Amino acid sequence: MSEPATHATPATVLVIEDEAPIRKFLRAALEGQGYATVETVTGRDGLTQAVMRVPDLILLDLGLPDMDGFEILRRIREWSGLPIIVLTARGQDGDKVRALDAGADDYVTKPFSMPELLARMRAALRHHARAGSGEGGSVIEIDRLRIDLAGRRATVDGAEIQLTPTEYRLIATLARHAGRVLSF
Ligand code: CA
């Protein structure tokens, strides 16, 4: 089975990669497998999209024009445990160790095989799903607001508030980090 994830909606993959041919290749392959994709060329946009879209998984190229890939990893790990697979250049073996130490779940070396990348993505998504929401608890309560992360519901004084998926993700992200500054 090529079912990418346990979500009712397609799993969203954020691709942070400056090389257009690789982005195009990844988009075609991922969408062919039923994933939704969001693409950014720069690390700065990647950080913004990670917060705004809260993807199910991130594919991160370490060699970006504007920011060091390890810095991007570190910043995302300040607030999120979502699966991150890094794309490293051939021969940069030290990068793999550094990336794993910086919080990456896995890596593939360019030029990578798509079946291998897809298998690693499935493994990372399964592992993440088993670990629960991974953010330390499935319910967040802030004053009268209660967010049930597992059920994807938000209530105020027990009354459910109707949210679009984007609004829900944004509220859940902000609530997880209430009192902290998110770095974009
Ligand atoms: Ca690159």
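None of the figures in this text is laboratory data; all of them are computed from the coordinates on show. The shown structure was predicted, so the numbers you read here are calculated from the model rather than taken from an experiment. Ideal geometry is used to build each Cβ from the backbone, glycine not excepted, and the neighbour counts take in all protein chains shown.
I'd like to know if segment 50-57 contains one or more residues that are more than 22 Å from T164 (Cβ to Cβ) and free of Cβ contacts under 8 Å to residues at least 60 places away in the same chain.
So far as segment 50-57 goes, no, none of its residues is more than 22 Å from T164 (Cβ to Cβ) and free of Cβ contacts under 8 Å to residues at least 60 places away in the same chain.
Within the group E39, E71, E31, which residue is without any contact (Cβ under 8 Å) to a residue 24 or more places away in the chain and surrounded by fewer than 20 Cβ atoms within 10 Å (Cβ to Cβ)?
None of the other options fit; the residue is E31.
Can you pull out every residue in segment 17-34 that is within 12 Å of the ligand (Cβ to nearest atom) and touching a helix residue (DSSP H, G or I) at 6+ places or on another chain (Cβ under 8 Å)?
Selection gives E17 alone.
Let's see how each residue does on (1) within 27 Å of L174 (Cβ to Cβ); (2) more than 15 Å from the ligand (Cβ to nearest atom); (3) among the polar types (S, T, N, Q); (4) touching a strand residue (DSSP E or B) at 6+ places or on another chain (Cβ under 6 Å):
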site: A36; (1), (2), (3), (4): yes, yes, no, yes
site: E39; (1), (2), (3), (4): yes, no, no, yes
site: M52; (1), (2), (3), (4): yes, yes, no, no
site: D61; (1), (2), (3), (4): no, no, no, yes
site: I84; (1), (2), (3), (4): yes, yes, no, yes
site: T88; (1), (2), (3), (4): no, no, yes, yes
